[in-house]
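Below is one structure, written out as structure tokens, with a few remarks after it.
The values are calculated or read from the model by the stated rules, or taken from the named source; none is laboratory data. These numbers come from a predicted model, not from an experiment. Don't worry about glycine lacking a Cβ; one is built from the backbone with ideal geometry, like all the others, and counts go over all protein chains shown. What goes into the accessible areas is simple: the full protein's heavy atoms, side chains included, and nothing from ligands, DNA or RNA. Shrake-Rupley method; radii C 1.70, N 1.55, O 1.52, S 1.80 Å.
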Amino acid sequence: MAVRDPEATKARIFEAAVAEFARYGIAGARIDRIASQAKANKQLIYAYFGNKAELFTQVLEKRMLEMAVSHPVDADDMDGWMDRLIDYHAAHPELLRLLFWEGIEYGTEDLPDERERRDHYDRKVAVLADAQARGVLSDEIPAPHLLFMVVALAGWSTAVPQMRRILVGDEDADKEQLRASVKAAVRRLTATDPRT
């Protein structure tokens, strides 16, 4: 008889849930499909993660935390940070898909983990606000707005690849030119000297 490994089972369930939610959203996701993909019992999913909405919240929270830890805001190197975010989103498009599904499901209603999410973003905003106070970044745009804008610029081409392909092209050279344009836009948004 095989030895049970709860952590390995949780990891399989988690990865299957990421794929399921990224593809179908909260409403369209099915616990049966997650269980089948993870080669796990449905009851284990409920025992480990709670109901479907709770599982989605945990999946998104963990993916956001992984990205935040591996690619923290770097206000002293915005070009480098943009490169890292663009690369991350290209390699992990599921994060943006999960955020879009969350937006479709919840709209402007409170999120189940809203306090934790606000804390998450407050820490990022504080880094930008500190850089503005030090004169590294322009303070023309409030730090929360600036974070919203630069994160959108970094992820939009991954979030809507069809629009990128139609407007910009899909060759490697096209993607590199778009990357350069995104970084130029961020430099303009953050420049302390309006002539740059």
Picking from 93, 29, 55, whose Cα lies most toward the positive end of the charge dipole for the chain (charges on Cβ: Lys, Arg +1; Asp, Glu -1)? 29
Read through the labelled values [x] 43, 41, 39; [y] 69, 39, 34; [z] 49, 42, 32 and report the label of the one computed as Cα extents along the principal axes in Å from the structure. [y]
Among the listed pairs 42/175; 62/183; 42/62, those beyond 32 Å (Cα-Cα): 42/175
Heavy-atom accessible area order for 166, 141, 34, largest first, 1.4 Å probe: 166, 141, 34
Backbone HN-Hα couplings from phi across region 57-65 [Karplus 6.51/-1.76/1.60, Hz, Gly and Pro as x]: 4, 5, 4, 5, 4, 5, 5, 5, 5
Distance in nm between pseudo-label sites at residue 83 and residue 30 (7 Å out along the Cβ direction from Cα): 4.5
With -39,500 (n - 2.57) per DSSP H segment of 4 or more residues and division by the full residue count of the chain, the 222 nm estimate, nearest 500 deg cm²/dmol, is -24500 deg cm²/dmol
Rank these by accessible area, largest first, 1.4 Å probe: 104, 45. 104, 45
If I model a spin label as a point 7 Å beyond the Cα along the Cα-Cβ vector, how far apart are those points for residue 159 and residue 104 in nm? 1.4
Extension gain residue 122-residue 170, at 0.36 nm per residue separation less the Cα-Cα distance, in nm? 13.8 nm
In debye to the nearest 20, the charge dipole size for region 95-192, taken about the Cα centre with +1 at each Lys and Arg Cβ and -1 at each Asp and Glu Cβ, equals 420
Within a Gaussian network of the chain (alpha carbon springs, distance under 10 Å), most fluctuating of 158, 108, 57: 108
With springs connecting C-alpha atoms under 10 Å apart, model the chain as a Gaussian network and identify which of 150, 69, 18 has the largest mean-square fluctuation. 69
For 106, 24, the accessible-area ranking with a 1.4 Å probe, largest leading, is 24, 106
Relative to the Cα centre, what is the charge dipole magnitude of the chain, using +1 at the beta carbon of each Lys and Arg, -1 at the beta carbon of each Asp and Glu, and rounding to the nearest 20 debye? 560
Translational diffusion coefficient, Stokes-Einstein: compute it for region 68-156 using the Kirkwood radius over C-alpha pairs as Rh, at 37 °C and 0.692 mPa s, and state it as an integer in µm² s⁻¹. 233
Cα→Cβ-extended label distance, 7 Å offset, between residue 10 and residue 47, nm: 1.3
Only loop residues by DSSP count here, and only those with at most 12 other Cβ atoms within 10 Å; note down the GluC sites (Glu not before Pro) in region 67-126 that meet that. 109
In a Gaussian network model over the chain where Cα atoms closer than 10 Å are linked, find which of 185, 129, 90 has the largest mean-square fluctuation. 185
Of the candidates 106, 189, 138, the farthest towards the positive dipole end of the chain (Lys/Arg Cβ +1, Asp/Glu Cβ -1, centred on the Cα centre) is 106
